[in-house]
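Enquirer: Can you read through this structure? Questions will come right after.
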Amino acid sequence: MKRRDLRFPFVVAVVVGAAAALTLIAWLRFPVRSDPVITALLLGAVVVSEFAAVFVPGMGGISLSYPLSVAVTVLLGPGYAALAATVAAIPMWLEKDSNWGRRLFNVGQVVLSAVVPGMLYFVLGGTLIGPASVLIARSWLAIAALAVSGVLLNALLVSIALNILLGTPIRRFWSQSLSWMFPAQIALGFVGVAIAQIVVRIGVWGFALFIVPLIVARQTYQRSVQLREAYADTISSLVAAIEAKDVYTKGHSVRVAKYAVSIAKALGVDDPAIERLEYAALLHDIGKVGVSRRVLAKPSSLSNDEYAEIKRHPDIGAHILADVPYLADLVPSIEAHHERLDGSGYGHGVSGAAIPLEARVLAVADAYDAMTSSRPYRSALTHEAALRELKDCCGTQFDASVVQAFEAAGVFAVSEAEEAGSTP
């Protein structure tokens, strides 16, 4: 634990030291242009953009200062880009977070993400853009490196910090970023080059031409975050509806989701698919809203008719979600989560590999939680007993590779039977 605690201070020292050293080199060895008006304009815009940053859960604040940093680089040089990044860190110093290590790291990585691309730009043949300059074909590599390298370096440093501080897998962070953040930020890097060209051609008033597009870009980020939050709220509301109908399975969907995510990670499933599987797990029993409460709460064995009613809940759930566009892709896994490998499941006639992998994962997670939870008609099984039952049913009811992944994941809740046994 002590070794882990020392990793982040070491990274902070390396990042801050590298930022300071490279900033000094940028001022001494690379092109610099002094223009008080342009400097004041762009530095002011950087500060405003940082205060207007959009917070993305799991990724931190996303601001529009990156294209402005690129513009500073090609107009004034990498030394001024480092200065702009330092100024952009002002909101970080004003945060209530008392962890100075995190503050120093954030400042250092922001400066590095500005000065390194700037230096790379000039090493590859880029030049300061002046009134008589034009973007020429031979500088395309330098421009591309400037637009792309800052995004990648920033992501690398942030992913390392999150891995040390929160245990967030680096691969997961990059997978999530590649899906939407990287393309948007890289595009904004090229916008920064265009901003610089307009400013030198038209003057500082030309910067006003980019205000509206940048505001639109920020609103797009904000809208994306709001949609994600609304999506999560919808899932939570539906889960609450399930638990209100079937009080004996309170918390069941959340636990199944945790087990399903653990299995998927052990199987090497990519992060976007894991996210969708988690939603499917949370909603796998949504069809129980169409099953009578009398049947759900019956303390004894079900009759044939009652069992037939219970067996309808995957189809009911699939029908409910099929009419919701952004949940429709969950239908196959929810519809088949009670199918068996030998084809003797809930009657859809599918077996083996024809059952979606997500459904096979849900089947194991669902069965394990059901066995380790108390029901009106039986007591909960211990973890060992439930795992033994899963293994005994491999090849007939459950996919052996999924059960093995579940065991390998090693993330098990304490069953109610074990919890009761350990109570003082």
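Enquirer: Here is a list: Leu341, Leu321, Leu362, Leu330. Which entry is part of a helix (DSSP H, G or I) and within 20 Å of Val403 (Cα to Cα)?
Expert: Residue meeting the stated conditions: Leu362.
Listed here are the residues, each with its yes/no results for (1) under 29 Å from Ala161 (Cβ atoms); (2) crowded, with 24+ Cβ neighbours inside 10 Å; (3) modelled with pLDDT of 85 or more.
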| position | (1), (2), (3) |
| --- | --- |
| Leu22 | yes, no, yes |
| Val32 | no, no, yes |
| Pro36 | no, no, yes |
| Leu42 | yes, yes, no |
| Pro57 | yes, no, no |
| Pro67 | yes, yes, no |
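Per-residue answers, yes or no, for (1) modelled with pLDDT of 85 or more; (2) touching a Gly at 6+ places or on another chain (Cβ under 7 Å):
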| position | (1), (2) |
| --- | --- |
| Ala260 | yes, no |
| Gly268 | no, no |
| Tyr279 | yes, no |
| Val291 | no, no |
| Arg294 | no, no |
| Pro314 | yes, yes |
| Ala328 | no, no |
| Val331 | yes, no |
| His337 | yes, no |
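Enquirer: In a loop (DSSP other than H, G, I, E, B), more than 25 Å from the chain's Cα centre (by Cα), under 20 Å from Val261 (Cα atoms) and not aromatic (Phe, Trp, Tyr) - does that describe any residue in region 304-318?
Expert: For region 304-318, residues in a loop (DSSP other than H, G, I, E, B), more than 25 Å from the chain's Cα centre (by Cα), under 20 Å from Val261 (Cα atoms) and not aromatic (Phe, Trp, Tyr): absent.
Per-residue answers, yes or no, for (1) crowded, with 22+ Cβ neighbours inside 10 Å; (2) within 26 Å of the chain's Cα centre (by Cα); (3) among the charged types (D, E, K, R):
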{"site": "Ser253", "(1), (2), (3)": "yes, yes, no"}
{"site": "Val291", "(1), (2), (3)": "no, no, no"}
{"site": "Val331", "(1), (2), (3)": "no, yes, no"}
{"site": "Ser344", "(1), (2), (3)": "no, no, no"}
{"site": "Val350", "(1), (2), (3)": "no, no, no"}
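Enquirer: Only one of (1) modelled with pLDDT under 90; (2) closer than 21 Å to Val200 by Cα fails for Asn106. Which number is that?
Expert: So the condition that Asn106 fails would be (2).
Enquirer: All but one of (1) closer than 24 Å to Asp233 by Cα; (2) in contact (Cβ under 8 Å) with a residue 12 or more places away in the chain hold for Pro356; which doesn't?
Expert: It fails just one condition, (1).
The values are calculated or read from the model by the stated rules, or taken from the named source; none is laboratory data. Nothing here was measured: the structure is a model prediction, and the numbers come from that model. Counting neighbours? That spans all protein chains shown, and the Cβs are built from the backbone with ideal geometry, glycine included.
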